[in-house]
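Novice: Before I ask anything, let me first share the structure, which is written out below as structure tokens.
The values are calculated or read from the model by the stated rules, or taken from the named source; none is laboratory data. None of these values were measured; they are calculated from a predicted model. Note that we place each Cβ from the backbone using ideal geometry, even for glycine, and neighbour counts take in every protein chain shown. These area figures cover heavy atoms from the full protein model, side chains too; ligands, DNA and RNA do not enter into them. Shrake-Rupley method; radii C 1.70, N 1.55, O 1.52, S 1.80 Å.
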There are 2 protein chains.
Amino acid sequence: MSLIVQKFGGSSVATPERIRRVAERIVETKRQGHDVVVVCSAMGDTTDDLVDLARQVCGEPASRELDLLLTSGERISNALVAMAIQSLGIEAKSFTGAQAGVITTGTHGNAKIIDMVPGRLKQELADGCVALVAGFQGIAQDTDDVTTLGRGGSDTTAVALAAALGADVCEIYTDVEGVYTADPRLASDATKIDTISYEEMMELAACGAKVLMLRCVEYARSYHVPIHVRSSYTDTTGTLVTGSMEQTVMEQPILTGVAHDRSEAKVTVVGIPDQPGYAAKVFRVVADAGINIDMVVQNVSVIETGKTDITFTVPSSDGQRAVGLLTAHRAEIGFTRVAYDNRVGKVSLIGAGMKTHPGVTATFFESLAAAGINIYLISTSEIRISVLVADTDLDTAVETVHKAFDLAGDTAAMVYAGTGR
Amino acid sequence: MSLIVQKFGGSSVATPERIRRVAERIVETKRQGHDVVVVCSAMGDTTDDLVDLARQVCGEPASRELDLLLTSGERISNALVAMAIQSLGIEAKSFTGAQAGVITTGTHGNAKIIDMVPGRLKQELADGCVALVAGFQGIAQDTDDVTTLGRGGSDTTAVALAAALGADVCEIYTDVEGVYTADPRLASDATKIDTISYEEMMELAACGAKVLMLRCVEYARSYHVPIHVRSSYTDTTGTLVTGSMEQTVMEQPILTGVAHDRSEAKVTVVGIPDQPGYAAKVFRVVADAGINIDMVVQNVSVIETGKTDITFTVPSSDGQRAVGLLTAHRAEIGFTRVAYDNRVGKVSLIGAGMKTHPGVTATFFESLAAAGINIYLISTSEIRISVLVADTDLDTAVETVHKAFDLAGDTAAMVYAGTGR
């Protein structure tokens, strides 16, 4: 018998029918003899609807009240699922984040978990009860106010509970079959990845893979919680996120997958003095506005003028703000002008084996060149290569790279062999 | 400066527009220099909608989960009102029943308040903040589970908070102007009552007046909390429920008002042995099923047979169940048959001065006789006369009694004079 944490997304509990289906799946797991802890997101669009309601009441809702408002969405869905489970003859109780012992910082709207005290849950599990926990929410350590964990909060709640309870696995149920070698809509022959290391999954998430939020994978990695990403609608095995690169690299393929991201924009600061400290001034202005900088490149300086250009990417949602701020500091920093372009996309190749296979980088750029794709920016990590290209080239870039490394074929096969399934 | 508790019903906060209007009223009170605690019911039909949702998920939802589900309705409305208040420039925070210190029994669906520990609210009030509390809910003392207080729960929450905080008045905002001498739809000349004693209000509530729940008036009486029943849509003074009969009888009119109730049904047990203990058997069967008996009459026994009939009223929602139970015990109790009639209505005349004015009873029955209304059952208290009549006679009965005692004219005038307004 093992302890399993199951997390179901909003679309999985969007209607009474789906709630009953989710309940059946939970009861099935329980009847197999496992202890089960469940985390459900709010039904369908509930959270968005509540936000709209708040906006209708007042333009800029206070974050403390917004948190109290939004958390009711998860209370509703988890209570309903608990009822459905009970109607199938299994004891079930739902708990708020506070009751489940999810202790957070006081940062409303984006609180961080600082402690988990799931004593109440342990008691219920010992009594043979299925424990349901409202995801995405906690209680602030200092004020006892209700907080929310921000985007992907329910996934994080599930992983945090799995860690605190020493669960054998945290199952994240979603509407896809698992993590793919690329977006199947772009690379038609993309295949499901059977196992992937935390580090690779973190890179994929950071590079735009939507299936898991970076934060939840980071949490799982810190506490060694195996995550099983699988479909709410089928019983097929999904993708297992587990083990550190070092543990799994031997059995891993050279490369894991291709991720893409359309959410960034390119900012170029033109004609900035090529002297120490000027680049820092630029980044300070942006950083102080809480805007994250992703890729950065500084052009070779033009000897005659002693001036250079700095190009970097920011979330396009912050793009105009960044440009405005820089323009306001133009004289002070001393540059000529700011150029802005949000018609860009980022394609990334991720693979733990990359660092031990020098050929990868060459093949990567050759393939894109052969496809006639112009590259704006490059950034790399030990296990990732990312390039920024025109948004019109993004789809081709993903497909090209996916093909160039045969991620659909041998790789998938190697993963399959590697995990011994 | 005084402390005022304001309670707003579901229809008063049914839409974003109405929520903003409620917020303006609260802010106005705050700007007048008062400390304000607010209790809001769930928006419009939210609670019914959530119950429907639960029924769609499973036929008989578990009461613990149903409580967790339903309480989200008040969280939502109170958080929204808090946002609206803040947008008007006044600090406001909303709290769950648990955060507000509403400690209850563990009876889900119908919990009783056993303690109030509003320390958090006192702190917020001291900080000049408007404190909003989700009504209708509390937290079970033993289990820390979320509970609901049953029908009229938000009124009870408001009165309990007023008592615990030593508020100067508990304002109950509703969609009528106050408590009337009769239902204006039946007695066109019914007038608003300016002041009424707790005892009289309790009789009115018990006899079918919907404006306040009996339980909340009982609570107000025990803790000497003045209740001001008034309209959400106007600024006119409503009805003040205050003081014991003894304190107010001197300045009170002889009679206060007429109440009516269509929710009861008449059960007659025919041919029961007229010997000690048999009536008790009948009532025991009904009582053990948790069915409340209101009016009772035992007919004069027929000498020849030594048998008699017992007639009593129960809530018509329990009527068929009562009949079924009695029939099942027919042999054991030893009666001939059970007759059932739910086409009945109860009209009641309430007034503290009644006991000191013997003429009232005579006038009451004379007026009904003159109107040709047949009376099934009679019950009285120190300050009330109630009769059961055919439902088809109910409207006429209310109008007749209201006229017979000129409740619209002198009485109202006397109240007016009496309260010195």
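Novice: How many of the residues making up the stretch B:365-384 are under 20 Å from B:Pro184 (Cα atoms) and among the hydrophobic types (A, V, I, L, M, F, W, C)?
Specialist: Of the residues in that region, 2 qualify.
Novice: If you check B:Thr15, B:Thr46, which single one turns out to be out of contact with any Phe, Trp or Tyr (no Cβ under 7 Å at 6 or more places or on another chain), β-branched (Val, Ile, Thr), within 9 Å of another protein chain (Cβ to nearest Cβ) and open to solvent by 30 Å² or more (accessible area, probe 1.4 Å)? Step through it out loud before you land on a result.
Specialist: Numbers: B:Thr46 fails: within 9 Å of another protein chain (Cβ to nearest Cβ).
It is B:Thr15.
Novice: The conditions are (1) within 30 Å of A:Thr96 (Cβ to Cβ); (2) under 14 Å from the mean Cα position of the chain (by Cα); (3) among the aliphatic types (A, V, I, L, M), and A:Ala163 fails exactly one of them. Which is it?
Specialist: (2)
Novice: Same structure again: Here is a list: A:Ser72, A:Ser63. Which entry is in contact (Cβ under 8 Å) with a residue 24 or more places away in the chain and over 21 Å from A:Ala162 (Cβ atoms)? Can you show your working first?
Specialist: Working: A:Ser72 fails: in contact (Cβ under 8 Å) with a residue 24 or more places away in the chain.
Just a single option satisfies the conditions, and that option is A:Ser63.
Novice: Given the criteria in contact with a strand residue (DSSP E or B) (Cβ under 9 Å, 6 or more places away or on another chain), surrounded by fewer than 23 Cβ atoms within 10 Å (Cβ to Cβ) and polar (S, T, N, Q), does A:Ser231 qualify?
Specialist: Numbers: in contact with a strand residue (DSSP E or B) (Cβ under 9 Å, 6 or more places away or on another chain): yes; surrounded by fewer than 23 Cβ atoms within 10 Å (Cβ to Cβ): yes; polar (S, T, N, Q): yes.
When the stated conditions are applied, A:Ser231 passes them.
Novice: Let me ask another. Could you identify the single residue in B:Gly106, B:Gly89 that is more than 8 Å from chain A (Cβ to nearest Cβ), within 26 Å of B:Arg215 (Cβ to Cβ) and open to solvent by 30 Å² or more (accessible area, probe 1.4 Å)?
Specialist: Details: B:Gly89 fails: within 26 Å of B:Arg215 (Cβ to Cβ).
One residue alone meets the criteria, B:Gly106.
Novice: Give me the residue from the stretch A:357-385 that is β-branched (Val, Ile, Thr) and in contact (Cβ under 8 Å) with a residue 40 or more places away in the chain and, out of that set, most open to solvent (accessible area, probe 1.4 Å).
Specialist: Ranking the qualifying residues of the stretch A:357-385, first place goes to A:Ile378.
Novice: Kindly indicate which of A:Ala182, A:Ala158, A:Ala162 is modelled with pLDDT under 95 and either of a type in the set (Asp, Glu) or open to solvent by less than 10 Å² (accessible area, probe 1.4 Å) (or both).
Specialist: From the options A:Ala182, A:Ala158, A:Ala162, the qualifying one is A:Ala182.
Novice: Confirm whether B:Thr248 is within 25 Å of the chain's Cα centre (by Cα), buried (at least 22 other Cβ atoms within 10 Å of the Cβ) and either at pLDDT 80 or above or more than 23 Å from B:Lys346 (Cβ to Cβ) (or both).
Specialist: Against the criterion (within 25 Å of the chain's Cα centre (by Cα), buried (at least 22 other Cβ atoms within 10 Å of the Cβ) and either at pLDDT 80 or above or more than 23 Å from B:Lys346 (Cβ to Cβ) (or both)), B:Thr248 does not qualify.
Novice: Might you let me know whether the stretch A:22-32 holds any residue that is in contact (Cβ under 8 Å) with a residue 24 or more places away in the chain, more than 23 Å from A:Leu161 (Cβ to Cβ) and acidic (Asp, Glu)?
Specialist: No, the stretch A:22-32 contains no residue that is in contact (Cβ under 8 Å) with a residue 24 or more places away in the chain, more than 23 Å from A:Leu161 (Cβ to Cβ) and acidic (Asp, Glu).
Novice: Something else about it: Which residue, of A:Arg284, A:Arg230, is charged (D, E, K, R) and part of a strand (DSSP E or B)?
Specialist: On the way: A:Arg284 fails: part of a strand (DSSP E or B).
The match here is A:Arg230.
Novice: For A:Ala79, indicate whether it is facing chain B (nearest Cβ under 8 Å) and more than 14 Å from A:Val133 (Cα to Cα).
Specialist: Values: facing chain B (nearest Cβ under 8 Å): yes; more than 14 Å from A:Val133 (Cα to Cα): no.
For A:Ala79, the condition - facing chain B (nearest Cβ under 8 Å) and more than 14 Å from A:Val133 (Cα to Cα) - is not met.
Novice: Just one of B:Asp288, B:Asp274 is within 32 Å of the chain's Cα centre (by Cα) and among the acidic types (Asp, Glu); which is it? Talk me through it step by step, then tell me what you get.
Specialist: Numbers: B:Asp274 fails: within 32 Å of the chain's Cα centre (by Cα).
None of the others qualify; the one that does is B:Asp288.
Novice: Can you name every residue in the stretch A:192-227 that is at negative phi, part of a loop (DSSP other than H, G, I, E, B) and open to solvent by 40 Å² or more (accessible area, probe 1.4 Å)?
Specialist: Let us first name the residues in the stretch A:192-227 that are at negative phi, namely A:192-207, A:209-223, A:225-227.
In the following step, the residues that additionally are part of a loop (DSSP other than H, G, I, E, B) were identified as A:193-194, A:197, A:207, A:209-213, A:223, A:225-226.
A:Lys210, A:Met213, A:Tyr223 - these are the residues of the stretch A:192-227 that are at negative phi, part of a loop (DSSP other than H, G, I, E, B) and open to solvent by 40 Å² or more (accessible area, probe 1.4 Å).
Novice: Residues that are surrounded by fewer than 24 Cβ atoms within 10 Å (Cβ to Cβ), within 11 Å of chain A (Cβ to nearest Cβ), touching a residue at least 24 places away in the same chain (Cβ under 8 Å) and of a type in the set (A, V, I, L, M): does the stretch B:114-136 have at least one?
Specialist: no
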